[in-house]
Amino acid sequence: MKIELPREVDYIINELIEHGYEAYAVGGCIRDSILGKEPEDWDITTSAKPSEVKKIFRRTVDTGIQHGTVTVMLDKRGYEVTTYRIDGEYEDNRHPQNVEFTVDLSEDLKRRDFTINAMAYNKQKGLVDIFNGLCDLQEGIIRCVGSAAERFDEDALRILRAIRFSAQLGFEIEGETLKAVTEKAAKLQFISAERIRAELNKLILSPHPDKLIDTYKAGITKVVLPELDAMMETQQNSPHHIYNVGIHTIKALEQVGHQKELWENGTDKQKQNMDNKSQNDGMNFNQKELLILHWAILLHDVEKPGCKVSGPEGDHFYGHAEKGAETARNILRRLKFDNETIDTVYRLVRWHDYRFALTPQGMRRAVNKIGNDIMDLLFELKTADILAQNPEERKEKFENLAQAKLRLKDIRAKNECVNLKMLKINGRDLIDMGFKPGRSMGETLERLLEQVLENPLLNEKQTLLDMARQYKN
Ligand code: CTP
């Protein structure tokens, strides 16, 4: 097995070897290289102690010296070099109380989570694969190194990582490992929101968001996202639906696959394009927007369980969008998301059920209410939502959406005013005209906007000033 190491990684390994130490690339980068994917980052493991690593390389950063990690800087990029270690007892299911360094590579590999993550490589020795990680990688199996229960006791996050990797790679979880996942799921309560959030993000962005069903069955969501359990347990007796709320939600997540594949397999260039948001009919989103979209899809019906009313002609979920937006906000706060993500998901959930009135005026009003900035995301969310509903009822919903998209395109092409910012006059102009700053001035601007939404030709400075003068009197 030959793995192409980046020049810098090869250089660091060779320097360490020339100074009499052992050194290998290890973990995720080896797994990804064998799979033919470009690794996100390259970790190096060595028999050299941190102080010894620091003597060899000119520029280093003490990233986690007490855990044996030094970052070697080459050309502004950092490479983490960690001393072979045997973790001590884990306190709080998360942090090893103490770390013991060792000169035995196998001791270091033994402490890692899964066999596919426990392989090391350098040019001289080739692949070091004590736990048959290569075989599991080829057969598509997630298996803990040694005792799964022990690995999960050391770090309970691994319980969720097992399913996250199975979702990213499309792998099955081996029987003993899966048994331990279920038995130990409750331990996730001791793991920080930030670490759980990172795993959930990767899971829902993966090509297999359907693995969320496994997190439900294993009792993981009961701890980290109990709202999904309620969704999985809520039937919807309605001509629009063929799945319960939870399965509908997961099916909707599956519909944005084309975007995800591009992201997963994208070259750096493609990723850069996505970061810069290349405009392709509003269908390409950068990574943050993609994440927002996925969370909005995951949570769009989160309050259906709470709003369900069953009548003779089926189930109704009145008010679930408004209430759902509040609940989505609380969930994302609990998971310590940033405010921009929280606010955008809130708005998307709030408007996910909106039926567009297809007149130009109706559409301008809709954009004004919802916000031009989230319209593309909203269209994508609605598309995914419809695709996960009863196919028999799809046609008319898609027609409405297609028309709405065309109208939005038109509004944007003509640069029609859809908010106060785009109005050709502002508060300053009104003050110059003798308005007093305050409520009535704000109301005047709102009244003018109302008129402009109705008739965009009115959005001329002089016309608006004349109209404002009338309101003043
Ligand atoms: N690791 C572990 N237990 C954890 C986290 C990490 O044993 N809870 C080990 C694994 O060997 C893993 C390596 O540390 O391969 C690097 O961890 P990390 O960067 O979190 O994961 P990757 O495997 O690189 O995968 P990804 O980047 O997708 O998270």
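The values are calculated or read from the model by the stated rules, or taken from the named source; none is laboratory data. Computed from a prediction, not measured in an experiment: that's the story for all the values here. Backbone-built Cβ (ideal geometry, glycine too); neighbour counts: all protein chains shown.
In the range 368-423, what residues are more than 19 Å from R347 (Cα to Cα) and in contact with a His (Cβ under 6 Å, 6 or more places away or on another chain)?
Listed by number, the residues that qualify are A388, Q389, N390, E393.
Would you be able to say whether some residue in the range 251-274 is among the aromatic types (F, W, Y), modelled with pLDDT under 95 and either loosely packed, with under 15 Cβ neighbours inside 10 Å or more than 22 Å from W351 (Cβ to Cβ) (or both)?
yes
Can you list residue pairs whose Cβ atoms sit under 6 Å apart, with the first residue in the range 24-51 being under 15 Å from T69 (Cα atoms) and the second being acidic (D, E) and within 11 Å of the ligand (Cβ to nearest atom)? Count only pairs 6 or more apart in sequence or on different chains.
From residues that are under 15 Å from T69 (Cα atoms), the pairs are V26/D43; G27/D43; D43/E80; T45/D108.
Could you check, for the range 84-105, whether at least one of its residues is more than 11 Å from the ligand (Cβ to nearest atom), at pLDDT below 95, in contact with a Gly (Cβ under 6 Å, 6 or more places away or on another chain) and part of a loop (DSSP other than H, G, I, E, B)?
yes
Which condition does M1 not pass, out of (1) at pLDDT below 95; (2) assigned to a helix (DSSP H, G or I), if it passes all the others?
(2)
For the range 158-193, give me each residue that is within 14 Å of the ligand (Cβ to nearest atom) and surrounded by fewer than 21 Cβ atoms within 10 Å (Cβ to Cβ).
Q168, L169, K187, F190, S192
Kindly provide the set of residues from the range 430-462 that are part of a loop (DSSP other than H, G, I, E, B), in contact (Cβ under 8 Å) with a residue 40 or more places away in the chain and either aliphatic (A, V, I, L, M) or over 28 Å from M363 (Cα atoms) (or both), ordered by number.
Across the range 430-462, there are no qualifying residues.
Output the residue which, of all residues in the range 292-326 that are surrounded by fewer than 18 Cβ atoms within 10 Å (Cβ to Cβ) and under 23 Å from D376 (Cα atoms), is farthest from the chain's Cα centre (by Cα).
E322
For the range 342-392, enumerate the residues that are of a type in the set (K, R) and farther than 27 Å from R197 by Cα.
R355, R364, R365, K369
Of the residues in the range 396-444, how many are at pLDDT 95 or above, more than 30 Å from H240 (Cα to Cα) and among the aliphatic types (A, V, I, L, M)?
Result for the range 396-444: 7.
If you go through the range 337-349 one residue at a time, do you hit one that is more than 19 Å from the chain's Cα centre (by Cα) and in a helix (DSSP H, G or I)?
No: zero hits.
How many of the residues in the range 141-153 are crowded, with 18+ Cβ neighbours inside 10 Å and within 12 Å of the ligand (Cβ to nearest atom)?
Count: 5.
Quick one: in the range 115-133, of everything that is farther than 22 Å from I163 by Cβ and among the aliphatic types (A, V, I, L, M), which residue is farthest from the ligand (Cβ to nearest atom)?
L127
Could you list, in sequence order, the residues of the range 32-55 that are surrounded by 15 or more Cβ atoms within 10 Å (Cβ to Cβ) and under 19 Å from Y84 (Cβ atoms)?
Selection gives W42, D43, I44, T45, T46, S47, A48, K49, P50, E52, V53, K54.
Condition first: surrounded by 16 or more Cβ atoms within 10 Å (Cβ to Cβ) and within 16 Å of P39 (Cβ to Cβ). Now tell me which residues in the range 9-25 satisfy that.
V9, I12, I13, Y24, A25, listed by residue number.
Pairs needed: first member in the range 141-156, free of Cβ contacts under 8 Å to residues at least 12 places away in the same chain; second member anywhere, assigned to a strand (DSSP E or B) and near the ligand (Cβ under 10 Å from one of its atoms); C-beta distance under 9 Å; at least 6 residues apart or different chains.
What qualifies is E150/C144.
The conditions are (1) under 25 Å from N419 (Cβ atoms); (2) surrounded by fewer than 14 Cβ atoms within 10 Å (Cβ to Cβ); (3) basic (K, R), and R347 fails exactly one of them. Which is it?
(2)
Quick one: in the range 8-22, which of the residues that are among the aliphatic types (A, V, I, L, M) and away from the ligand (no atom under 16 Å from the Cβ) is nearest to Y121 (Cα to Cα)?
Among them, the one singled out is I13.
Given the criterion touching a residue at least 60 places away in the same chain (Cβ under 8 Å), among the β-branched types (V, I, T), within 18 Å of L291 (Cα to Cα) and out of contact with any Asp or Glu (no Cβ under 8 Å at 6 or more places or on another chain), identify the matching residue among I242, I196.
Matching residue, one of I242, I196: I196.
Could you look through the range 24-60, keep only residues that are in a helix (DSSP H, G or I) and away from the ligand (no atom under 16 Å from the Cβ), and pick out the one that is farthest from D136 (Cα to Cα)?
This residue is K55.
Of I370, I331, which residue is over 23 Å from E227 (Cα atoms), touching a residue at least 12 places away in the same chain (Cβ under 8 Å) and β-branched (V, I, T)?
Going through I370, I331 in turn, just one is over 23 Å from E227 (Cα atoms), touching a residue at least 12 places away in the same chain (Cβ under 8 Å) and β-branched (V, I, T): I370.
In the range 101-140, what count of residues is obtained for those that are within 32 Å of the chain's Cα centre (by Cα), exposed (fewer than 14 other Cβ atoms within 10 Å of the Cβ) and not polar (S, T, N, Q)?
The total comes to 3.
Mind checking which pairs have a first residue in the range 158-186 that is among the basic types (K, R) and a second that is within 15 Å of the ligand (Cβ to nearest atom) and in a loop (DSSP other than H, G, I, E, B), Cβ under 7 Å, 6 or more apart or different chains?
R158/D113; R161/D113; K184/A156
Given the residues K202, K184, which is the only one that is closer than 25 Å to K288 by Cβ and at pLDDT 95 or above?
K202 is the lone residue from the list that is closer than 25 Å to K288 by Cβ and at pLDDT 95 or above.
Please enumerate the residues belonging to the range 4-15 that are in contact (Cβ under 8 Å) with a residue 60 or more places away in the chain and in contact with a Phe, Trp or Tyr (Cβ under 9 Å, 6 or more places away or on another chain).
Hits for the range 4-15 are L5, E8, V9, I12, I13.
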